[in-house]
Amino acid sequence: YAKDENGKDVEPAIDLRVSVEDINDNSPVFTSEVFVCSVEELSATNTLIMVLNATDADKPNTLNTKLAYKIVSQEPGDKLLFLLTKDGEVRTTSATLDREQQASYSLEVEVKDRDGDPNGGLAGTAKVKIKVVDVNDNIPVLEKEEYSGEVEENVEGVEILRMKAFDDDEEFTDNWFANFSIISGNEGGHFQIITDEQTNEGVLMLVKVRKLNKIC
Ligand SMILES: [Ca+2]
Ligand SMILES: [Ca+2]
Ligand SMILES: [Ca+2]
Ligand SMILES: [Ca+2]
């Protein structure tokens, strides 16, 4: 605007506003490079495992910050067992997760602005590590159907025999430890079975001496 020689305004100031148009110059960034989460084996289809999050520094509430999520790959990848919704929810696609077959998975995921536009938009990536948590879905099996052992007379507190239990559930957890008990034949209380927690063996013990040589 103009001023006269005394520095006085001769015409009113014109307000010039320049609005800066946002351009999509910021890629979305996941809030973590690696997300770690877990889900129980045999969980129902569509179980929510976790929600991923990302930020984008462009103008809020525009296409430049409208984010869409997707899975790029799964390891091991024979069959996609997880899905990632557009809003970042990681869910199961079937009820067949089996810890005894595969105890963990790794996903590579992508977030893209402009609502995931396949012909444009900027992307960020991250990894999702999913641990499959054990449930007790295997019954213990004994090595043999029949066991026999012998013990000398007049000794007590001795081990008679060991029975090894096999269980496919997670080792050294309650789902794996076998709990042995005597159903019948121990009316005299001579025997006891304890579990060896290192080997998962049932140890049959003679705890009370049977009076074998009765005096007539
Ligand atoms: Ca952006
Ligand atoms: Ca299983
Ligand atoms: Ca078990
Ligand atoms: Ca299991």
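Highest mobility in the GNM of the chain, judged by mean-square fluctuation with C-alpha springs under 10 Å and restricted to E150, E197, E170, is found for E150. Measuring with a 1.4 angstrom probe and ignoring ligands and nucleic acids, K86 comes out at about 110 Å² accessible. Of the residues G120, G88, G188, which exhibits the maximal mean-square fluctuation in a Gaussian network model of the chain defined by a 10 Å Cα contact cut-off? In this elastic network of the chain, the residue with the biggest mean-square fluctuation among G120, G88, G188 is G188.
Using a simple spin-label model with pseudo-atoms 7 Å out from Cα toward Cβ, T55 and V18 lie 2.8 nm apart.
Pairs spanning more than 30 Å between alpha-carbon atoms, out of K59/K127; K3/K59; K164/K208; K86/K129; K129/K164: K3/K59; K129/K164. Computed from label points 7 Å out along Cα-Cβ, the spacing between S104 and V158 is 4.8 nm. Over all other residues within a Cβ to Cβ distance under 14 Å of K144, the charged ones net out to -2, with Lys and Arg as +1 and Asp and Glu as -1. Loop-resident GluC sites (Glu not before Pro) (DSSP state other than H, G, I, E or B) in the stretch 65-145 with no more than 14 further Cβ atoms inside 10 Å of their Cβ: E100, E143, E145.
Between K144, K66, K127, the GNM of the chain built on Cα springs shorter than 10 angstrom shows K144 fluctuating the most.
Explain nothing, just the number: relative contact order of the chain, from Cα pairs under 8 Å at least 6 residues apart, as a whole percent. Relative contact order of the chain: 17 percent. Surface composition of the stretch 1-150: carbon plus sulfur atoms hold 48% of the accessible area, using a 1.4 angstrom probe and ignoring ligands, DNA and RNA.
Accessible area per residue for the stretch 29-133 is 54 Å², calculated with a 1.4 Å probe on protein heavy atoms, without ligands, DNA or RNA. Taking label points 7 Å from Cα along the Cα-to-Cβ direction, N46 and K127 give a separation of 3.2 nm. The antiparallel fraction among DSSP beta bridges confined to the chain stands at about 85%.
Counting only protein chain heavy atoms and rolling a 1.4 Å probe, the accessible areas of F172, F191, F30 rank, largest first, as F172, F191, F30.
The values are calculated or read from the model by the stated rules, or taken from the named source; none is laboratory data. Just so it is clear, the structure is predicted and the values come from calculations on it, not from any experiment. Cβ coordinates were reconstructed from backbone atoms using ideal geometry, including for glycine residues, and neighbour counts include every protein chain displayed. Remember, those area values only see protein heavy atoms, side chains included, never the ligands or the DNA or RNA. Shrake-Rupley method; radii C 1.70, N 1.55, O 1.52, S 1.80 Å.
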